[in-house]
Amino acid sequence: MKKLVILFLILLIGYVGLSFSEKYLGVSIRPYGAPVYCDVSPNIDNVLKCIKLNYMKFDSYMSDWNNNISNTYLSSRINRLYQDTNMEFSDIFNNKSCTNRNDCQVKFNDILYKIDTYHSLVGYVRQQQNAQGYTYNRQGSEWSNLPTQQLWKFSRSYKFPYHDIVIGQHNGKVIFYILSMEAVPLKGNYDLLIGSVTAFCSAEEDKTSKKYICGGYRFYFYDKIQADSKHFSLSLDRRENPTYALIRYGQGNYKIKLNDKYQ
């Protein structure tokens with residue numbers, strides 16, 4: 001009888017510890033993180049407020065353990081560059097010119113990259129949570145970096161470990177767009193998926209010059225988290241002066257309107 005009581009206490013303590021960790025620390029044994037006790041709602045603002053209240057409340061403390069002050073400040077500044085935008089259904093999805101080249105993927109030193117090509121330019125984005133993007137100008141044989149390490153809305157969310165990239169041109173200025181996605185597991189049958197399309201411009205007219213984030217767009221929808229890189233990809237309605245960014249997720253095609261004041 002005594003052993004049963006001890007076993008019961010151990011199980012009770014474990015359950016309480018797991019519940020506390022999931023609810024307050026975002027720590028979970030589940031593959032995509034702890035579920036957030038928020039309901040699916042057509043009002044995304046209410047869902048985001050619920051997430052911040054019930055799930056992200058300890059971020060200010062946890063970030064001190066995981067990030068230094070400069071990273072926290074950088075992430076905050078980058079987030080202010082994004083605008084929330086509506087996602088609409090699209091009848092089309094334009095395949096990029098590299099589609100037939102191993103699904104727009106290349107591998108360097110055992111590291112996988114998604115790529116896109118446009119005229120003499122090639123854009124690369126690393127298939128990891130910390131994206132690390134690069135551009136290459138084949139005419140000048142020069143490389144340039146894309147500062148892609150802080151493209152998330154929430155510090156604790158499930159980050160899809162892959163990205164996609166497409167190159168466009170706006171009023172003569174080359175822009176590299178990168179799609180990143182994260183997800184917050186909700187209670188019930190659906191999760192909140194958050195897509196971030198980040199625009200990178202050149203600091204000067206020279207295409208090989210340093211790139212910087214010149215704008216960003218975020219969109220939200222409900223679905224199940226799918227840990228498969230084939231579930232989303234990025235394109236444009238046209239290369240020159242694009243109006244929409246096109247997103248494919250699963251079997252659906254969507255579009256978001258690009259606002260040229262960010263470019």
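The values are calculated or read from the model by the stated rules, or taken from the named source; none is laboratory data. These numbers come from a predicted model, not from an experiment. Quick reminder, even Gly has a Cβ in these numbers, built from the backbone with ideal geometry, and neighbours come from all protein chains shown.
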Can you tell me which residue in segment 90-100 is surrounded by the most Cβ atoms within 10 Å (Cβ to Cβ), limited to those that are modelled with pLDDT under 85 and farther than 22 Å from Phe160 by Cβ? Ser97
Would you check if there is a residue in segment 68-75 being closer than 24 Å to Pro185 by Cα and either touching a Pro at 6+ places or on another chain (Cβ under 9 Å) or modelled with pLDDT under 70 (or both)? yes
Quick one: count up the residues across segment 121-138 that are of a type outside the set (A, V, I, L, M, F, W, C) and in contact (Cβ under 8 Å) with a residue 24 or more places away in the chain. 9
Tell me, which residue of segment 122-168 that is within 20 Å of Phe232 (Cα to Cα) and small (Gly, Ala, Ser) is surrounded by the most Cβ atoms within 10 Å (Cβ to Cβ)? Gly123
Exclusive hit being at pLDDT below 90, in contact with a strand residue (DSSP E or B) (Cβ under 9 Å, 6 or more places away or on another chain) and not small (Gly, Ala, Ser), set Ile115, Ile111: Ile111
Please go through (1) surrounded by 11 or more Cβ atoms within 10 Å (Cβ to Cβ); (2) at pLDDT 55 or above for Pro42 and return the number of the only condition it doesn't satisfy. (1)
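Can you say whether Ser120 is on the phi > 0 side of the Ramachandran plot and either small (Gly, Ala, Ser) or touching a Cys at 6+ places or on another chain (Cβ under 6 Å) (or both), as far as the supplied structure shows?
No, not satisfied.
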Quick one: Ser141 ticks every box in (1) free of Cβ contacts under 8 Å to residues at least 12 places away in the same chain; (2) closer than 25 Å to Val47 by Cβ bar one, so which box is it? (2)
Collect the residues in segment 194-212 that are at pLDDT below 85 and either surrounded by 15 or more Cβ atoms within 10 Å (Cβ to Cβ) or not assigned by TED's automatic domain parsing to the domain that holds Gln251 (or both), keeping them in residue-number order. Ser202, Lys207, Thr208, Lys211
